[in-house]
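Down below is the structure, laid out as structure tokens.
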Amino acid sequence: MIEQKVYVKNPEEVVIACPHCGLTRKANIRRHPESLKRAKVRCKCGKSFVVAFEYRQHYRKATELKGSCVVGSNTYGMTVKSLSLGGLGGVTSAYRKLKEGDMVEVEVVLDDHRRSRIRALCVVRQVGDHFLGVQFQDMDQESKRQLGFYLMP
Ligand SMILES: [Zn+2]
């Protein structure tokens, strides 16, 4: 039986597309928080398929990359410890200057053969002891592309 992978962002409104005919339907799986891994679905077209629910929104890669973040007129060095399509976490002394919800400009140098630079405007989601977790808000197309390549499992 064909298996469809579905990324769950909002459990109350999961969009499932039939791999046979393309018909989409919405499902509410809120009653099974993160426990519903697979479900067999029978479409109106008469065919059945299996849906595999994927709850992790973004593949997160453990890294040891050089980066920096700009706070006001100061630039702080950062060691990027984890990277995903949605954001990053890193060790930096800039944590002293930031709080949750602040906006910050971040640059990361990837260790791919081109030494691609990722630049993004981010919102601070987590501040710890020498630690900063940010979510990407705005990123140029080239950065998005490089990051996408870099994070391919
Ligand atoms: Zn169908």
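Among the residues making up the range 97-110, those that are surrounded by 12 or more Cβ atoms within 10 Å (Cβ to Cβ) and either charged (D, E, K, R) or in contact with a helix residue (DSSP H, G or I) (Cβ under 6 Å, 6 or more places away or on another chain) (or both) are Lys97, Asp102, Glu105, Glu107, Leu110. Restricting the first member to the range 27-46 and to residues that are in the same structural domain as Lys9 (by TED's automatic domain parsing), and the second to residues that are β-branched (Val, Ile, Thr), the beta-carbon pairs closer than 6 Å and six or more apart or on different chains are Ala27/Val14; Ala27/Ile16; Ile29/Val14; Leu36/Ile29; Arg38/Val50; Ala39/Val51; Lys40/Val50; Val41/Val51. Yes or no: Val127 aliphatic (A, V, I, L, M) and touching a Phe, Trp or Tyr at 6+ places or on another chain (Cβ under 7 Å)? Answer is yes for this residue. Note on the range 3-61: among residues that are aliphatic (A, V, I, L, M) and under 20 Å from the mean Cα position of the chain (by Cα), the one that is nearest to Gly87 (Cα to Cα) is Val8.
Taking the range 21-71 as the range and being surrounded by 12 or more Cβ atoms within 10 Å (Cβ to Cβ), more than 16 Å from the ligand (Cβ to nearest atom) and of a type in the set (Ser, Thr, Tyr) as the test, the residues that pass are Tyr55, Tyr59, Thr63, Ser68.
With respect to the conditions (1) surrounded by 12 or more Cβ atoms within 10 Å (Cβ to Cβ); (2) over 25 Å from Met152 (Cβ atoms); (3) away from the ligand (no atom under 15 Å from the Cβ); (4) not hydroxyl-bearing (Ser, Thr, Tyr), Cys18 lacks only one, and its number is (3).
The values are calculated or read from the model by the stated rules, or taken from the named source; none is laboratory data. Everything quoted here is computed from the prediction, not taken from an experiment. In this analysis, Cβ positions are derived from the backbone assuming ideal geometry, glycine residues included, and neighbour counts consider all displayed protein chains.
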